[in-house]
1. Using all alpha carbons of chain B, what is the percent of pairwise distances in each 10 Å bin, ordered from the shortest bin to the longest?
2. I'd like the accessible area for A:LYS205: 1.4 Å probe, protein heavy atoms, all chains in place, Å² to the nearest 10.
3. About its Cα centre, how strong a charge dipole does chain B have in debye, to the nearest 20, once Lys and Arg get +1 and Asp and Glu get -1 at the Cβ?
4. Rounded to the nearest 100 Å², what is the sum over both chains of accessible area buried where A meets B, with a probe of 1.4 Å?
5. Under the 0.36 nm per residue contour assumption, what length would be gained going from the current alpha-carbon distance of A:HIS50 and A:GLN220 to full extension?
6. Report, in listed order, any pair from A:LYS92/A:LYS200; A:LYS120/B:LYS55; A:LYS92/A:LYS120; A:LYS61/A:LYS209; A:LYS120/A:LYS209 with a Cα-Cα distance greater than 26 Å.
7. Could you grab the Rg to Rh ratio for the stretch A:51-90? Cα atoms only, Kirkwood for Rh.
8. Which positions within the stretch A:61-102 get 40 Å² or more of their accessible surface covered by the other protein chains, compared to the chain by itself, with a 1.4 angstrom probe?
Amino acid sequence: MNDSSSPEARRCESADSADPPAAFSASRPAVARPISADSDLVISAQAGDHYAFAQLYALHKRRIYSLCLRMVGRVAEAEDLTQEVFLHLHRKITSFRGDSAFSTWLHRLAINVVLMRLRKKTLSLVSLDEVMAPTADDSPGRSFGAADPALAGAIDRLALQRAISELPPGYRLIFILHDVEGFEHNEIASILDCTIGNSKSQLHKARLKLRDALRTDKRQEGRS
Amino acid sequence: MTGDPKQLSCAEFQAQLPELIGAGGDPSTHPHLQHCPLCRALLSDLETIAEAARKLFPSVEPPDELWEQIESAIKREEEQEIHSR
Ligand SMILES: [Zn+2]
């Protein structure tokens, strides 16, 4: 960030400082921030205060933009999606009733915008319900023999990036929310409106699918 | 549930794995892993993937111009609304 002198920039830094944790499955509370800061701004923005809306943007832009970028992988599209999310927010903000934390509500809104875009792109149905519904063909990685190499600590960045981008959107979403963004299962359950058990099992399947993809890569490497 | 956790088959252990991992404890201490190299390799791969993924996607700021674009899009929408009334 180059304009660290502006009040917007400083606020944003303090709200969204470090990246997610290093330990497996341990997470920092991703949505923890002083609730009052948000709720005063939300109330003002709901009343049409443009400056308050700008402040909300400054507070949440990093998280929303990063989520979009992680989901679609391309900068131009992530910018476009971020714009759509905040336009959507501007239209819908009066419907926020404070039943959940504002950041959770905003994340849910953002995820719906992203899924809508992905649905248009792939021409396949991608809805939150579908994302969280267990399907019959979903048992990756359950049986494996010694013939399949373990990854043994070595993962190629590009291979992983490709494997994530090739995950079905629902798996990609839950993997990114938990493993990359550091949300807890109870937070994901509330964002995606599913059960905690559902969140855990879908995440597990996503990781297994990634492992399958990476091991296939490795096998092909060994042959060539 | 099986009485002795050491007697779990790999399929049974792997069925419990999402809970074990999601519970926040250390799944690597599970008795099944003491004698099963395949499931040990599975768990270590899953940890490696989670860790690599975090490094892959640093959190980033959108460019400053984006707010200007959003602002003018909001203005356009508000003007349309006024005209449609
Ligand atoms: Zn086993």
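1. 14, 28, 14, 10, 12, 14, 8, 1
2. 40 Å²
3. Values: 7 positive and 16 negative charges, 120 e Å.
Around 580 debye, computed over chain B.
4. Using a 1.4 Å probe, the pair buries roughly 4500 Å².
5. Contour length minus Cα-Cα distance gives 55.7 nm.
6. A:LYS92/A:LYS200; A:LYS120/B:LYS55; A:LYS61/A:LYS209
7. Working: Rg = 10.0 Å, Rh = 10.1 Å.
Rg/Rh for the stretch A:51-90 comes to 0.99.
8. Buried-area filter returns A:LYS61, A:ARG62, A:TYR65, A:ARG70, A:GLU79, A:GLN83, A:LEU87, A:HIS90.
The values are calculated or read from the model by the stated rules, or taken from the named source; none is laboratory data. Computed from a predicted structure; not experimentally measured. Methodologically, a virtual Cβ is constructed for each residue, glycine included, from the backbone with ideal geometry; neighbour enumeration extends over all protein chains shown. Accessible surface is based on the protein model in full, side chains and every heavy atom, while ligands, DNA and RNA are left aside. Shrake-Rupley method; radii C 1.70, N 1.55, O 1.52, S 1.80 Å.
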